[in-house]
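Q: Provided herewith is a single structure, encoded as structure tokens, for subsequent inquiry.
The values are calculated or read from the model by the stated rules, or taken from the named source; none is laboratory data. Note that the structure is predicted; figures quoted are calculated from it, not measured. Glycine gets a Cβ as well: all are built from the backbone with ideal geometry, and neighbour counts include every protein chain shown. When the accessible area is computed, the model is the full protein with side chains, heavy atoms only, and any ligands, DNA or RNA have been set aside. Shrake-Rupley method; radii C 1.70, N 1.55, O 1.52, S 1.80 Å.
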Amino acid sequence: MGSFLKRRFIKRQAVVTAFIFTLLLFVPILSHLIASAPDTINASAAFAAEKKEAVESPAAKKEEKSKVEYPPAPKLKEKDYPRIKSMNSRISVWILAQIHLFFAAFVLAVPIFVLVIEGVGKATGDERYDHMAHEFIKVSMTAFSLTATSGGILVFMLIAFYPDFMKYLASVFGSVMIIYAMLFLAESIFLYIYYYGWDNMRYGFRKWVHLTLGLMLNVSGMTIMVLGNSLATFMMAPSGVDASGVFTGHVWEAIRGPLWNALNLHRFIANIAYGGSVVGAYAAYKFLSAKSKEERAHYDWMGYTANIIAISALLPLPFAGYWLTAEIYAYSQTMGITLMGGAFAWLFITQAVLIGALFLSANYYLWCGMERIKGSERYTKYVKYIAAVIVICFLVWFTPHSLIKTPIEEKAIGTHHSLLGPLGLMPAKNSAVNIMILFTFLSFTLYKRSSKITTAAWAKSGVAAEIAIFAVGIVNIIALGIYSYMVTSNIKVGMSVPQVFTTLSIIIAISIIESRMFKNAKSTGDIEWGKMPARSQYALLLLAVSFTWLMGLMGYVRSAIRQHWHVNSIMRDSSPDAFTPTIGYAANVVSISTILFMLLVIFVFWLAQFAAKKQEA
Amino acid sequence: MQTFLKISIFAVIALLGYTLFANVGIPQVRPAPPPAEEETIGAMSMDQYIVLGKKIFEGKGTCTLCHNPVLGGRAPNLVNMHNTSEERLKDPRYKGKAKTGEEYLRESMMNPSAYVVAGFGKAWTNDTESPMPQISGPAVGLKPAEINAVIAHLQTKDGGKATVPLPTGADAAPAPAAAEAAAPPAPAKTAEEALGKYACGACHKIGAFAGAVGPDLTKIGAKRDESYLRRAILDPNADIAQGFPAGVMPQDFGNKMTAKELEMLVKFLKAQKG
Ligand code: HEM
């Protein structure tokens with residue numbers, strides 16, 4: 001009874017909160033109405049006056065009146081930056097922005113796949129999906145309030161440390177900022193109703209309402225993300241302003257900068273992979289501390305699903321990354337070279353280590369997962385070859401190609417690797433990435449096959465076709481890579497396109513053959529969920545830790561290639577922190593942010609558990 | 001609880017591993033500090049001007065990011081520019097406004113797309129658009145006097161003659177600097193002043209300067225004795241500091257310095273122990 005009342009209470013609370021939030025949504029609309037009211041009166045007065053004098057058209061007059069004068073970007077001096085004793089402005093803002101992004105990316109990603117899983121549950125009628133979706137969203141509920149809190153602190157810090165910059169940014173993006181805040185309200189409303197209304201809207205027509213709410217939740221979340229991205233891309237590649245930073249008045253031009261869409265796509269995909277990996281870590285923890293067999297089976301399945309989500313998003317990620325880089329080059333060759341060939345060349349070696357860790361742990365988890373499937377013995381013998389290929393690809397990617405910016409850096413880096421030189425060049429790396437992706441896909445295909453025996457009569461030729469496609473594709477990728485060495489660098493960059501195309505074609509073709517071939521397949525027996533070695537769970541953990549850290553590192557480089565500019569080439573950073581830090585320095589800040597983030601997550605789970613215990617008692 | 005501890009330790013070890021790799025597994029490249037916002041260029045000799053041009057070319061101008069023979073392929077290598085610049089004007093594709101080699105070089109920087117070296121244009125523009133940034137534009141922001149210094153460097157580095165006018169110091173804030181240049185320069189009173197007078201800081205990290213063409217001199221006193229230092233200034237090519245090119249450091253300090261200035265500098269350098 002008590003708990004029932006409690007639930008009712010929570011529900012009522014949610015409805016009241018939602019109501020207040022909805023009212024708040026009207027604030028900008030109301031303010032606009034109020035502000036334009038005297039204007040309308042004036043305009044009609046002017047209209048009346050003009051009717052007598054017939055001088056100017058009222059429309060022109062009104063337009064002149066509503067024309068705002070935008071300021072140019074200010075030129076700051078060091079003293080324009082408020083200092084707070086014993087606090088470093090840039091590091092404080094950096095850490096908070098990073099923690100905010102960690103939470104935000106997670107909160108953005110989870111509803112995406114929750115909605116998909118819920119939809120799958122609805123389509124298949126399998127209740128387990130619905131349960132799992134519900135549990136996923138529960139994990140993100142607590143993260144949601146921390147997203148808001150960290151965002152709030154971040155904004156205050158930005159205003160405290162960089163008031164002139166924020167003022168300038170508001171002169172261009174003021175309207176976007178307000179819409180952003182309002183959308184956040186909308187998102188919370190949808191999230192609250194979506195979560196608390198889960199059981200209530202479980203069946204029948206109500207389920208459709210619930211799914212629609214989930215869609216709205218995602219729409220508002222996505223809009224928030226792309227609006228936030230527009231600020232970041234404006235700082236890197238400003239648009240919608242003239243050379244001195246005076247805003248043209250068309251906010252859409254400012255939003256739709258040259259890097260915007262590429263960043264949107266890369267972040268969208270990366271967020272899903274990241275969200276999947278964090279949920280996977282949660283499931284791993286639950287699995288390892290599970291007491292009963294059922295519990296273990298449940299969390300094994302949850303971890304498996306989370307890992308599939310993470311891998312599916314991981315596969316296209318390098319392509320999105322290259323697109324983003326290509327757009328950066330197209331916008332400014334100086335910036336592109338700073339990114340890939342200047343002081344940051346070594347950062348991409350670090351990135352390669354991380355991505356290698358991601359691919360290897362995801363694959364390792366799949367290989368362990370074969371143990372729970374009867375019939376997988378047929379395929380386990382291939383694992384060692386796949387592992388070898390992935391490791392070789394990783395090493396090629398990892399091979400440094402030292403690109404040098406200034407004589408000073410030349411000394412610090414040394415010159416090319418004499419022996420491994422060609423392997424360190426872009427074509428080899430592109431080929432390696434593509435092959436690594438294909439072999440991960442192969443792991444996944446074998447995993448899926450483990451539990452099935454095909455009944456298709458043409459299975460033999462099907463497999464032969466698959467092998468042929470795979471082999472020809474790999475040869476094609478390598479040939480394209482070798483050919484790239486013989487052409488000028490302009491064309492070289494273009495060579496990655498057919499490589500990517502090859503990879504995608506192979507994945508699509510084999511997926512189609514597989515699904516046909518195993519359409520009416522015999523099962524080798526049930527998958528024994530929960531029959532999973534503990535070490536596999538550490539692969540899930542490594543996936544999450546690496547992802548979190550990588551995200552911080554890449555966020556750093558995105559920001560750092562602006563160098564000493566707040567807004568590239570328009571507003572200079574004149575603060576003492578304008579220098580570009582070394583990678584080690586950045587790595588330390590990223591590690592601190594990651595640890596703080598993990599502590600917060602643990603704290604939140606601890607709170608949740610604490611509350612749950614209390615409720616039971 | 002035990003599980004919790006185990007996975008926490010695992011996560012922290014993974015993080016430590018990455019942090020360690022980023023700190024010691026790769027060389028720590030210290031990116032160039034932000035360029036000074038307003039550098040005033042006082043009056044100077046053509047030799048000093050050329051040195052300044054080289055410094056801008058490798059530093060603030062960001063030119064070596066693309067014009068770098070080690071990397072190749074990104075941009076033309078800028079060799080023999082005193083001749084190349086004249087030849088460009090005769091190219092039938094040339095549609096710019098320059099009449100002399102000097103003007104061509106200036107135009108290349110102020111309006112890179114006026115003439116695009118074949119094969120180096122932006123992709124798909126058929127060499128009508130240059131990927132090179134406008135050097136006087138906000139991103140790099142070189143002043144006219146700085147652009148002239150770079151032109152002087154480009155013209156002379158492979159044996160040509162500099163044709164640019166010397167800076168008058170008109171855009172330098174303190175007027176005395178210009179007046180000083182007309183009269184024979186007064187001897188420096190302190191070592192720090194001598195460093196500024198002979199522009200050692202343009203190439204060396206020393207005192208308040210952060211030049212990077214030559215070796216860092218902030219710890220030189222710990223390594224070298226006074227006679228070595230004296231010789232390094234009077235006859236730079238006698239010993240070449242490891243990893244640095246010969247013939248870059250001016251050879252004529254011996255003719256320009258007073259004995260007192262030389263001794264002050266040597267003492268000052270000897271005292272630099274880090
Ligand atoms: C498997 C390959 C890749 C993974 C796992 C990956 C992962 C990530 C992640 C997690 C982020 C942070 C996203 C966010 O801000 O929410 C990111 C951002 C970024 N990535 Fe990638 N990436 C990959 C490939 C690439 C490649 C190949 C490049 C370029 C060569 C690249 C360039 C960037 C840049 C410049 C950013 C900064 C964007 C930002 O955070 O604002 N990425 N990447």
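Q: May I ask you to say which residue of A:ALA310, A:ALA362, A:ALA352 is within 16 Å of the ligand (Cβ to nearest atom), of a type outside the set (Val, Ile, Thr), open to solvent by less than 10 Å² (accessible area, probe 1.4 Å) and modelled with pLDDT under 80? Steps first, please.
A: On the way: A:ALA310 fails: modelled with pLDDT under 80; A:ALA362 fails: modelled with pLDDT under 80.
Matching residue, one of A:ALA310, A:ALA362, A:ALA352: A:ALA352.
Residue-wise test of (1) under 19 Å from B:LYS60 (Cβ atoms); (2) of a type outside the set (Phe, Trp, Tyr).
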position	(1), (2)
B:HIS204	yes, yes
B:LYS223	no, yes
B:ALA232	no, yes
B:PHE244	no, no
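Q: Please determine whether any residue of region B:35-42 is at the interface with chain A (Cβ under 10 Å from one of its Cβ atoms) and either touching a residue at least 40 places away in the same chain (Cβ under 8 Å) or open to solvent by less than 50 Å² (accessible area, probe 1.4 Å) (or both). Explain how you work it out, then say what you get.
A: First pass over region B:35-42, keeping only residues at the interface with chain A (Cβ under 10 Å from one of its Cβ atoms): B:35, B:37.
Right, trim to either touching a residue at least 40 places away in the same chain (Cβ under 8 Å) or open to solvent by less than 50 Å² (accessible area, probe 1.4 Å) (or both) and you get B:35.
Yes, because at least one residue in region B:35-42 is at the interface with chain A (Cβ under 10 Å from one of its Cβ atoms) and either touching a residue at least 40 places away in the same chain (Cβ under 8 Å) or open to solvent by less than 50 Å² (accessible area, probe 1.4 Å) (or both).
Q: Is there any pair linking a residue in region A:316-337 that is without any contact (Cβ under 8 Å) to a residue 40 or more places away in the chain to one that is part of a helix (DSSP H, G or I) and within 9 Å of the ligand (Cβ to nearest atom), with Cβ under 6 Å and at least six apart or on different chains, and which?
A: Short answer, once both residue conditions are applied: A:GLY336/A:ILE328.
Q: For residues in region A:555-572 being of a type in the set (D, E, K, R) and under 23 Å from A:ILE99 (Cα atoms), which is farthest from the ligand (Cβ to nearest atom)? Give the derivation first.
A: Going residue by residue through region A:555-572, those that are of a type in the set (D, E, K, R) are A:558, A:562, A:572.
Narrowing the set further to residues that are under 23 Å from A:ILE99 (Cα atoms) leaves A:558, A:562.
Details: A:ARG558: 3, A:ARG562: 11 Å.
So the residue we want is A:ARG562.
Here is a yes/no grid of residues against (1) farther than 29 Å from B:LYS6 by Cβ; (2) surrounded by fewer than 19 Cβ atoms within 10 Å (Cβ to Cβ):
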| residue | (1), (2) |
| --- | --- |
| A:ALA273 | no, no |
| A:TYR282 | no, no |
| A:TYR299 | no, no |
| A:GLU327 | yes, no |
| A:ALA330 | yes, yes |
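Q: So which residues in region A:241-255 are away from the ligand (no atom under 16 Å from the Cβ), more than 14 Å from every other protein chain (Cβ to nearest Cβ) and open to solvent by 10 Å² or more (accessible area, probe 1.4 Å), if there are any at all?
A: Of region A:241-255, the ones away from the ligand (no atom under 16 Å from the Cβ) are A:241-254.
Next, from what is left, pick out any that are more than 14 Å from every other protein chain (Cβ to nearest Cβ): A:247-254.
Listed by number, the residues that qualify are A:PHE247, A:THR248, A:GLY249, A:HIS250, A:VAL251, A:TRP252, A:GLU253.
Q: Do we find a residue being within 18 Å of the chain's Cα centre (by Cα) and not in a helix (DSSP H, G or I) anywhere in region A:311-319?
A: To start, the set of residues in region A:311-319 that are within 18 Å of the chain's Cα centre (by Cα) comprises A:311-319.
Filter again for not in a helix (DSSP H, G or I), leaving A:315-316.
So far as region A:311-319 goes, yes, one or more of its residues are within 18 Å of the chain's Cα centre (by Cα) and not in a helix (DSSP H, G or I).
Q: If I filter region A:61-81 for residues that are more than 24 Å from A:ASP573 (Cβ to Cβ), in contact with a Leu (Cβ under 9 Å, 6 or more places away or on another chain), basic (Lys, Arg) and open to solvent by 40 Å² or more (accessible area, probe 1.4 Å), do I get at least one hit?
A: Going through region A:61-81, the residues more than 24 Å from A:ASP573 (Cβ to Cβ) turn out to be A:61-69.
From the residues that got through so far, the ones that are in contact with a Leu (Cβ under 9 Å, 6 or more places away or on another chain) too are none.
Scanning region A:61-81, I find no residue that is more than 24 Å from A:ASP573 (Cβ to Cβ), in contact with a Leu (Cβ under 9 Å, 6 or more places away or on another chain), basic (Lys, Arg) and open to solvent by 40 Å² or more (accessible area, probe 1.4 Å), so the answer is no.
Q: I've got another one for you. Would you call B:LEU52 open to solvent by 50 Å² or more (accessible area, probe 1.4 Å) and at pLDDT 80 or above?
A: Numbers: open to solvent by 50 Å² or more (accessible area, probe 1.4 Å): no; at pLDDT 80 or above: yes.
Spelling it out, it is not the case that B:LEU52 is open to solvent by 50 Å² or more (accessible area, probe 1.4 Å) and at pLDDT 80 or above.
Q: Cβ-Cβ under 9 Å, sequence separation 6+ or interchain: first residue in region B:77-104 and among the small types (Gly, Ala, Ser), partner open to solvent by 70 Å² or more (accessible area, probe 1.4 Å). Which pairs?
A: Cβ pairs passing all conditions: B:SER85/B:GLU103; B:GLY96/B:GLU103; B:GLY96/B:ASN111; B:GLY101/B:ASN83; B:GLY101/B:GLU86; B:GLY101/B:GLU87; B:GLY101/B:THR163.
Q: Which of (1) within 11 Å of the ligand (Cβ to nearest atom); (2) in a loop (DSSP other than H, G, I, E, B) is the odd one out, the single condition A:ASN271 does not satisfy?
A: (2)
Q: Residues in region A:531-554: is at least one of a type in the set (Gly, Ala, Ser), more than 14 Å from chain B (Cβ to nearest Cβ) and touching a helix residue (DSSP H, G or I) at 6+ places or on another chain (Cβ under 9 Å)? Quick ask: steps written out before the conclusion?
A: We begin by selecting, within region A:531-554, every residue of a type in the set (Gly, Ala, Ser); these are A:534, A:536, A:539, A:544, A:546, A:552.
Still in the list and also more than 14 Å from chain B (Cβ to nearest Cβ): none.
No: zero hits.
Q: Among the residues of region B:244-274, which ones are open to solvent by 60 Å² or more (accessible area, probe 1.4 Å) and touching a Lys or Arg at 6+ places or on another chain (Cβ under 7 Å)?
A: Of everything in region B:244-274, those that are open to solvent by 60 Å² or more (accessible area, probe 1.4 Å) and touching a Lys or Arg at 6+ places or on another chain (Cβ under 7 Å) turn out to be B:LYS273, B:GLY274.
Q: Which condition does A:LEU395 not pass, out of (1) open to solvent by less than 40 Å² (accessible area, probe 1.4 Å); (2) assigned to a helix (DSSP H, G or I), if it passes all the others?
A: It fails just one condition, (1).
Q: Among the residues of region A:256-263, is there at least one that is away from the ligand (no atom under 16 Å from the Cβ) and either in contact with a Gly (Cβ under 9 Å, 6 or more places away or on another chain) or outside any helix (DSSP H, G or I) (or both)? Give the steps one after another, and end with the answer.
A: To start, the set of residues in region A:256-263 that are away from the ligand (no atom under 16 Å from the Cβ) comprises A:256.
Add one more test, that the residue is either in contact with a Gly (Cβ under 9 Å, 6 or more places away or on another chain) or outside any helix (DSSP H, G or I) (or both), and what stays is A:256.
Within region A:256-263, one or more residues are away from the ligand (no atom under 16 Å from the Cβ) and either in contact with a Gly (Cβ under 9 Å, 6 or more places away or on another chain) or outside any helix (DSSP H, G or I) (or both).
Q: Identify all residues within region A:519-532 that are surrounded by 15 or more Cβ atoms within 10 Å (Cβ to Cβ) and over 33 Å from the mean Cα position of the chain (by Cα); write none if there are none.
A: A:ALA521, A:THR524
Q: For A:ASP577, only one of the following conditions fails: (1) outside any helix (DSSP H, G or I); (2) more than 7 Å from every other protein chain (Cβ to nearest Cβ); (3) open to solvent by 20 Å² or more (accessible area, probe 1.4 Å). What is its number?
A: Going through (1) outside any helix (DSSP H, G or I); (2) more than 7 Å from every other protein chain (Cβ to nearest Cβ); (3) open to solvent by 20 Å² or more (accessible area, probe 1.4 Å) one by one, A:ASP577 breaks only (3).
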